[in-house]
1. Have a look at Leu343, Ser206, Gln172 and report the one farthest towards the positive end of the charge dipole of the chain, computed about the Cα centre with Cβ charges (Lys/Arg +1, Asp/Glu -1).
2. I'd like the orientation of helix 192-203 relative to the chain: the angle between its Cα long axis and the longest Cα principal axis, in ° from 0 to 90, rounded to 10.
3. Place a +1 charge on the Cβ of each Lys and Arg in the chain and a -1 charge on the Cβ of each Asp and Glu, then give the dipole magnitude about the Cα centre in debye, rounded to the nearest 20.
4. On average over all directions, what projected area in square nanometres does the range 118-233 have, based on the convex hull of its Cα atoms?
5. For Lys32, list the lysines whose Cα falls under 27 Å from its own Cα; do not include residues on the same chain fewer than 8 positions away.
6. Compute the convex hull volume of the Cα atoms of the range 1-59, divide it by the residue count, and report the result per residue in Å³ as a whole number.
7. Could you give the size of the charge dipole of the range 94-217 about its Cα centre, using +1 on the Cβ of each K and R and -1 on the Cβ of each D and E, expressed in debye and rounded to the nearest 20?
8. List, largest first, the extents of the alpha carbons of the range 336-428 along their principal axes, each in whole Å.
Amino acid sequence: GSWEKRILKSLNSMCTELSIPLARKRPVGEQKELLNKWNEMGTDEPDLSLFRPVYAPKDFLEVLINLRNPNYENGDSLSFRTHLGLIQVPLKVKDIPELKECFVELGLNIGQLGIDDSTQVPPELFENEHVRIGQKVLAEQDSAAAQQYIRQGSPTALRAELWALILNISSQPEDVLYYEQLKTNVIQHDLLVDSLIYKDVKLTASNDDYYFVFEDYLYQVLLCFSRDTSVLSHFAFNSASPPKSYIRGKLGLEEYAVFYPPNGVIPFHGFSMYVAPLCFLYHEPSKLYQIFREMYVRFFFRLHSISSHPSGIVSLCLLFETLLQTYLPQLFYHLREIGAQPLRISFKWMVRAFSGYLATDQLLLLWDRILGYNSLEILAVLAAAVFAFRAVNLMEVTSLAAAEAVLADLSTLKVMPLLQIFLFATVT
């Protein structure tokens, strides 16, 4: 709870410093202007130098490093004492044999999209057959079958429809209407959070070779998302409590507390990268919006909230550290000795689900598997696999900066071979 309070405090102090309210109704002239440029908001260049991201992944990592479980202080968890990573909360995470069992469809003898040189079956044979099965799955509109199917990867042409089927999104007229209502709310009310969203897109997606073309889509989706109170309901399944602020002049009176922003989610530095890859698949704003919202409440919220869920960021960090310490002990100790704790490097990849780090085709193959297995654990496995892949170079570095340099560019990596080698070809 104290982490959430800190974020809110940071927001409120920004309001005070810049003397702007958390929310205000836009004058009619401004509403018209915004409506007119709705599809080209990126052309605007407001001065955002005074706005700063409320927090960045590295601030959040510090919070996770300081988490402790009071029940374990008396030393009844000896096995965990040997854990030399940064995360000090003893949660149960899978080892490689358990991961193999869980990700059995990624095995070396099973056809995969994203692997070019499968020995058993010529890739084009597998692909043609896989596309045929995919079309059948779509024709039958069977969500569970789609989820099973996509574990071997989705053909590019079918991906948008398969994801929508797995996420149970069908674009009814009322969904379009709902999106239009959110848009109206954006046009009528100006939130401080809008400037944070704006700045985040400018700092991240606008500078990205793959995603800068989607800048306008990102504003539309994220501004509408911040107004969407239905997102609040997901907090019911999550220990995080959405931020509240008080109606002016009523500070501290609970009945005057309102959720702020209305969806309960304060965007952090890099948040817009959850949306950017989806713009490749969906070009109709209300559909793009629904897909993103569903991906967020099923998966992405777990990457920046504290919980003990197996797909939660704390478990992912621990899984990553445990895999490295267990299966690449020399590398792990070496990096630890030179002050380059591996998690300090991989944390940002996991928090962003690798968006902005991998080439887009590779990222979509990775997200196929997140949807297929309904789990984010594969992010930790991939992070460990990247370290394994660059282990020889990493063994030679002598500082955190040098280690970061070895891992600075992941854009040439191929996700599926890395995952397969790490899970199925590592000696356990």
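1. Going by the charge dipole, the pick is Leu343.
2. For 192-203 against the chain, the angle is about 40 degrees.
3. It comes to approximately 1160 debye.
4. Result: 10.4 nm².
5. Lys183, Lys199, Lys202, Lys287
6. 137
7. Its charge dipole is roughly 140 debye.
8. Principal extents (largest minus smallest coordinate, Cα): 39, 31, 21 Å.
The values are calculated or read from the model by the stated rules, or taken from the named source; none is laboratory data. No experiment lies behind these values; they were computed from the predicted model shown. Quick reminder, even Gly has a Cβ in these numbers, built from the backbone with ideal geometry, and neighbours come from all protein chains shown. These accessible areas exclude ligands, DNA and RNA; they are computed on the full protein's heavy atoms, side chains included. Shrake-Rupley method; radii C 1.70, N 1.55, O 1.52, S 1.80 Å.
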